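J.: Let me begin by handing over the structure; questions about it come next.
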Amino acid sequence: MELAPKIPYNVGMSPIKFGTSGWRAVIADEFTRANVRKVIEAIARYALASAAPSRPSLIVGYDTRFLSEKFAADAASLLASYEIDCYLSAEAVPTPAIAYEIRRRRTQGGINFTASHNPPEYNGIKFSSRDGAPALPEVTRQIEAYIEAMSEAATENSVPAIVGGGPASGGTIDLRPAYLEDLARKVNLDLIRSAGLRLVYDPLYGTGRGYLDGLLRHSGIEVTTIHDRRDVLFGGHPPEPAEEYLEPLKQAMAKHGAHLGLATDGDADRFGILDEGGAFISPNHILALLLDYLRESRVWATEENWGGGVAKSVATTHLVDAVAGFHGIPVYETPVGFKYIGELIEQDKIILGGEESAGLTIRDHVPEKDGILACLLVAEMVASRGKPLAKQIQELFRKVGSYYPSRSNVTLTETVKSRFTERSKQEYSSFEGRRVVKTIRTDGLKLVLEDGSWVLFRLSGTEPVCRLYCEAPTQKGLEELAESARHFLFG
């Protein structure tokens, strides 16, 4: 292995740390070629160590962000210099398609250059393990340790850099056909077509374009696509399928008389759904509806053929718990981060896993969130039941009870943040005059109240922000609870 002359190693920057879904930073600030090289070298060393004595292989993909394809090509070249078999995607590719290809080719894992739903000035690196799931903390800690060790080994702020080994040693590959063929086996596309649904899809200029809409058109289903091109600025806002960014989708639905509006984020692992008339449907409610639908409507939804529980993050609606209770299946509540849900999919313990942040997967699929799959399942559910989502939600409320969730980010001063950090360690029998029946510290501080309402406080590790989650049986109760939670924060 040839070594190049020593070059600056960009010391003095913030430590590179993997969050709930990879490492992300602002392009040209900390997301630089030098820092990317650090991460890729660390992943290479991890792959070599974990695969020994075998020769490892990795998938490398990228999204539609500025320079993502260049970063991916450089990474493939660097991995080849480590004598790692590397398969480079021929095009911008959804994260779930990479997860599927990792499993199909049985590689050591995969690298995706994406910042997912973050603003356009960001880019990032997601690393998936050999099972296709987001790498667990014990894996990312090893990668971070390699980065730190390389930095400590630097002499006079420099380290040897590996000379690129040319093209990806495994070649350039098209991940689309195999992934879409797999989806077609898991969703009843014939049912969607026969129902005559008219759909509008917004990939938000991201990697879902040509995947979700391509499969629908190939199946003879009417779909109109907007934002069907690359725009590294994503229209001037984050490529996030949140209500505030889906007004163009709502307008397109009205123009085409559509029954459903479907959206995916920048790397197509998250979903956004607009009901007939353009009303935004909370991802929390979508998860509960789909759990109910899969248990009731699939011929294989039996304990013998498709049994198991449901997994959800601690921040996700208790409507999922109510549906699970109605169907007599267990609930696994995890910390925030889909990697924990992916682990339960791999252990074959659950039939569906989801997060309130619009992540979902199902049994026998990849242990990674898949916005494309989620959109297809919603279309199938509407086609099967012949009812708009709002009506289905009301029917579900009548069956198991009503649940109204919310999420907000509350900016804190350092003084308030420090005071709350200490207060969150205490035990609480009451919350703003209401009895606490359960305290959960899986991820942050979650207080469950006697009427089933709950509030969760999660402090950001990088910003002076508290992520505040609330849920109550009525909209009025939700508003009152959210106000109490803010008073609790600043009181």
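J.: Can you send over the solvent-accessible area of Ile221, 1.4 Å probe, protein chains only, in Å² to the nearest 10?
T.: Around 10 Å² of this residue is reachable by solvent.
J.: Also, I was wondering about something else. Whenever you get a sec, line up Asp370, Asp443, Asp348 from highest to lowest accessible area (probe 1.4 Å, protein heavy atoms).
T.: Asp348, Asp443, Asp370
J.: Select from Leu294, Thr361, Ala184 the residue farthest towards the positive end of the dipole of the chain; place +1 on Cβ of Lys and Arg, -1 on Cβ of Asp and Glu, and compute about the Cα centre.
T.: Value: Leu294.
J.: Ignoring ligands, DNA and RNA, how do Lys387, Lys425 rank by accessible area with a 1.4 Å probe, largest first?
T.: Largest accessible area first, the list is Lys425, Lys387.
J.: Something else: Positive end of the charge dipole of the chain (Lys, Arg +1 and Asp, Glu -1 on Cβ, about the Cα centre): tell me which of Thr411, Asn35, His285 has its Cα farthest that way.
T.: The one lying farthest along the dipole's positive direction is His285.
J.: Moving to a separate point now. What is the set of long-range amide H partners of Tyr62 at a cut-off below 5 Å, with H atoms built 1.01 Å from backbone N?
T.: Those qualifying (amide H under 5 Å, at least 5 residues apart or on another chain) are Val93, Phe113.
J.: Which far-off residues, 5 or more places away or on another chain, put their amide H under 5 Å from the one on Asp269, with H placed in the peptide plane?
T.: Thr95, Gly371
J.: With Cβ to Cβ distances under 13 Å as the rule, what net charge do the other residues near Gln108 carry (K, R +1; D, E -1)?
T.: Local net charge: +2.
J.: If you count only protein heavy atoms and use a 1.4 Å probe, how large is the accessible surface of Arg104, to the nearest 10 Å²?
T.: Approximately 120 Å² for this residue.
J.: HN-Hα J couplings of segment 133-139 from phi, Karplus 6.51/-1.76/1.60, θ = phi - 60°, integer Hz, Gly and Pro as x?
T.: 3J(HN,Hα) across segment 133-139, in whole Hz: 7, x, 4, 6, x, 5, 7.
J.: Say each of Val232 and Asp451 gets a label point 7 Å from the Cα, pointing the same way as Cα to Cβ; how far apart are those two points in nm?
T.: 5.2
J.: Then there's this: Pop out the ³J(HN,Hα) list for segment 413-426 in order, Karplus 6.51 cos²θ - 1.76 cosθ + 1.60 with θ = phi - 60°, rounded to Hz; leave Gly and Pro as x.
T.: 6, 4, 5, 5, 4, 5, 5, 5, 4, 6, 5, 5, 7, 7
J.: Right, another one. On a 0 to 90 degree scale, rounded to 10, what angle separates helix 371-385 from the longest Cα axis of the chain?
T.: 20
J.: Putting +1 on Lys and Arg Cβ atoms and -1 on Asp and Glu Cβ atoms, find which of Leu449, Gly206, Gly171 reaches farthest to the positive end of the dipole of the chain.
T.: Leu449
J.: I've got another one for you. Report Arg33's accessible area, 1.4 Å probe, all protein chains in place, as a number in Å² to the nearest 10.
T.: Rounded to the nearest 10, that gives 150 Å².
J.: Still on this structure, I have one more. Taking square-rooted eigenvalues a ≥ b ≥ c of the alpha carbon gyration tensor, is the chain rounded, prolate or oblate, where a/c under 1.5 means rounded and, failing that, a/b exceeding b/c means prolate?
T.: The shape class here is oblate.
J.: Same structure again: Could you pull out every one of the lysines with an alpha carbon less than 17 Å from that of Lys17, ignoring same-chain neighbours closer than 8 positions?
T.: Cross-link targets: Lys38, Lys126, Lys339.
J.: Let me ask another. Please give the Cα centre distance for segment 249-264 versus segment 401-457, rounded to the nearest Å.
T.: 37
J.: Near the amide H of Phe31, under 5 Å away, which other amide H atoms are found, from residues 5 or more places off or on another chain, if H is placed in the peptide plane?
T.: Val26
J.: If I take R0 = 22 Å and measure r between the Cβ atoms of Ser424 and Glu479 in this structure, what FRET efficiency does the formula 1/(1 + (r/R0)^6) give, to the nearest 0.05?
T.: Efficiency for this residue pair is about 0.40.
J.: Where only protein heavy atoms count, and the probe is 1.4 Å, what is the accessible area per residue for segment 424-484 in Å²?
T.: Computed with neighbouring chains in place, this is 49 Å² per residue.
J.: Here's something else I'd like to know. If I model a spin label at Ser297 and Ala34 as a point 7 Å from the Cα along the Cα→Cβ vector, what separation in nanometres do I get?
T.: Label-label distance for Ser297 and Ala34, simple model: 5.4 nm.
J.: Follow-up. Where does segment 167-243 land on the Kirkwood hydrodynamic radius, alpha-carbon pairs, in angstrom?
T.: 14.3
J.: Same structure, new question: Checking the cross-link filter: which aspartates and glutamates have an alpha carbon closer than 18 Å to that of Lys425, excluding same-chain neighbours under 8 positions apart?
T.: By straight Cα distance, Lys425 reaches Glu414, Asp443.
J.: Take the Cβ-Cβ distance between Ser219 and Glu243 as r, set R0 to 30 Å, and report the resulting FRET efficiency rounded to the nearest 0.05.
T.: Approximately 0.60, to the nearest 0.05.
J.: With charges set only on the Cβ (+1 for Lys and Arg, -1 for Asp and Glu), what does the dipole of the chain come to about its Cα centre, in debye to the nearest 20?
T.: Around 300 debye, computed over the chain.
J.: From Cα pairs below 8 angstrom and at least 6 apart in sequence, can you work out the relative contact order of segment 196-342, rounded to a whole percent?
T.: Relative contact order, segment 196-342: 20 percent.
J.: Taking a point 7 angstrom from the Cα of Ala390 along the C-beta vector, which residues in segment 272-300 have backbone N less than 15 Å away?
T.: What the label zone holds, given the 15 Å backbone N cut-off, is 274-282.
J.: Something else about it: So the label point goes 7 Å from the Cα of Ala254 along Cα→C-beta, right? Which residues of segment 264-289 then have their backbone N under 13 Å from it?
T.: Residues 277-279 fall inside that zone.
J.: Explain nothing, just compute: Karplus ³J(HN,Hα) = 6.51 cos²θ - 1.76 cosθ + 1.60, θ = phi - 60°, for every residue of segment 66-75 in order, whole Hz, x for Gly and Pro.
T.: 4, 6, 4, 5, 5, 4, 5, 5, 5, 5
J.: How far apart, in nm, are the 7 Å Cα→Cβ label points at Leu191 and Asn409?
T.: That separation, rounded to one decimal, is 3.7 nm.
J.: Right, another one. Tell me, Kirkwood radius of segment 366-491 from alpha-carbon pair distances, in Å?
T.: Kirkwood radius, segment 366-491: 16.7 Å.
J.: State to the nearest 20 debye the size of the charge dipole of segment 376-491 about its Cα centre, where the only charges are +1 on K and R beta carbons and -1 on D and E beta carbons.
T.: 240
J.: Mind checking the dipole of segment 210-284: about its Cα centre, +1 per Lys or Arg Cβ, -1 per Asp or Glu Cβ, Debye to the nearest 20?
T.: Magnitude of the dipole: close to 260 debye.
J.: For the chain, what is the mean residue ellipticity at 222 nm derived from helices alone (per DSSP H run of n ≥ 4: -39500 (n - 2.57); sum divided by total residues; nearest 500 deg cm²/dmol)?
T.: -11500 deg cm²/dmol
J.: Which shape class applies to segment 305-384: rounded if a/c is under 1.5, otherwise prolate when a/b exceeds b/c and oblate if not, where a ≥ b ≥ c are the square roots of the Cα gyration tensor eigenvalues?
T.: rounded
J.: If I take R0 = 25 Å and measure r between the Cβ atoms of Asp348 and Thr172 in this structure, what FRET efficiency does the formula 1/(1 + (r/R0)^6) give, to the nearest 0.05?
T.: For R0 = 25 Å, the calculated efficiency reads 0.15.
J.: For the chain, which whole-number percentage of the solvent-accessible area (1.4 Å probe, protein heavy atoms only) is attributable to carbon and sulfur atoms?
T.: C and S atoms contribute 48 percent here.
The values are calculated or read from the model by the stated rules, or taken from the named source; none is laboratory data. It should be emphasised that the depicted structure is a prediction, and the values quoted were computed from it without experimental measurement. Note that we place each Cβ from the backbone using ideal geometry, even for glycine, and neighbour counts take in every protein chain shown. Side chains included, ligands, DNA and RNA excluded: accessible areas come from the protein's heavy atoms. Shrake-Rupley method; radii C 1.70, N 1.55, O 1.52, S 1.80 Å.
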